1. Under a Cβ-only charge scheme (Lys and Arg +1, Asp and Glu -1), can you give me the dipole magnitude of the range 108-195 about the Cα centre, in debye to the nearest 20?
2. Just subtract the alpha-carbon distance of Val86 and Asn66 from 0.36 nm times their residue separation and send over the number in nm, one decimal.
3. Testing the spin-label approximation: label points 7 Å from Cα along Cα→Cβ at Glu144 and Val31. State their distance in nm.
4. Which links in Lys22/Lys91; Lys120/Lys152; Lys11/Lys79; Lys147/Lys199; Lys224/Lys315 stretch past 26 Å when you go from one Cα to the other?
5. What list do you get for Val56, Val43, Val180, Val201 if you sort them by fewest beta carbons within 10 Å?
6. Fewest to most neighbouring Cβ within 10 Å: what's the order for Lys140, Lys315, Lys323?
7. Taking one equal scatterer on every alpha-carbon of the range 65-146, how large is log10 of I(q)/I(0) by Debye at q = 0.11, 0.24 1/Å?
8. Classify the range 1-159 as rounded, prolate or oblate from the Cα gyration tensor: take a ≥ b ≥ c as the square roots of its eigenvalues, call it rounded if a/c is under 1.5, otherwise prolate when a/b beats b/c and oblate if not.
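Values quoted throughout were computed directly from the atomic coordinates according to the rules given, and no laboratory measurement underlies them. These figures come from a predicted structure and were not determined experimentally. When we count neighbours, we look across all protein chains shown, and the Cβ atoms used for this are built from the backbone with ideal geometry, even at glycine.
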Amino acid sequence: MTDNSPYYDKKYICPVCSIDFKTYAVRSSRVVANSREADFHTVYSGTSPLHYTIVVCPGCYYAASNNVFSKEIEDRILKPLAQALVQIRPKDPPDYLHERNLDVALGSYELAIRSAQLKKARPGELAGLFMGAAWMAREKGNLELDKEYCQKALESYLEAFNRDFRSIGNMSDVQATYLVGELYRRTDNYAEAINWFGKAVFNRAIKQNPQLEKMAREQWAFAKEQATSGDSAPSAPAPSPEVIPEESATDKEVKPDLKPASTSRRRINMQMNASLYADQIDWLNYIVNRGYDYSKTLVPREQVLRALLDSAIDKLGEKPDLKFKTEAELKAIFDELLGK
């Protein structure tokens, strides 16, 4: 191998079968980034280091990303992992040690995904592997497989959020929040995409990363456009505004067939911060998603709340005579008045 080659040999010892081997790695001096997509996929001119991120043992075909491959595996996992790898060994394996084409690169990620599942890796590690597999499928032009792996990456990132945030690799809280929004967008769940992009935009930490804030605002606007038009998510966003007004000013008003009595007066939009319980937010998200599934038109959570309040105003009147001291007492009054 000459000094002009983009590759160099890197040595590893397999933590499963203990054999020594060398595999190609890409010289950092030869890496030229061309562009970056909205889900952090970097497109390179020439040799892509992403194609060589996964190290594959030529003996047992254990595979993992180059930053975790050499980590020691617990004894209680090692033996069943070794036995399982024998069962899933490729019948006609390609050469993973030298120059890789896109098929081999994608295959390396798929081996790493299976290895991670067998050793019960953290969901954040698995999510990163699914993300890499999606990128390889996208580079191959297989957009259906790209979307499938994006969905699996999304599920793993959400599991990482719920179980242990530290398991989401080297991403910050706001980066991970943004990426979840982008994966929801790419898998056509625009209501949740808008929700998560909004979380990212209003996260105070995003001010420390102006480029990420710009991306979050652009994708937020793009997700709203897609929700309105019903378009499927393409691989790259169209140009969209960098500054997003408050949601009440950007969302299209829904015009119901029957005009509620409470809308006969002139109404002015006003902003009010409110802290809701987690189950209340989940309920609102469910209503939003049900509405979108039915009509393919997005009615945001804000409009759901407005509809509920209008219904209560119509039922109770604009100035109901209520006497209460606590939230629980007020709920009991509403229950009785609304006929619960």
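1. 280 debye
2. Extending this stretch completely gives an extra 5.0 nm.
3. Roughly 3.3 nm, to one decimal.
4. Violating the 26 Å limit, Cα to Cα: Lys224/Lys315.
5. Val43, Val201, Val180, Val56
6. Lys323, Lys315, Lys140
7. At q = 0.11, 0.24 Å⁻¹ the computed log10 ratios are -0.32, -1.30.
8. The shape class here is oblate.
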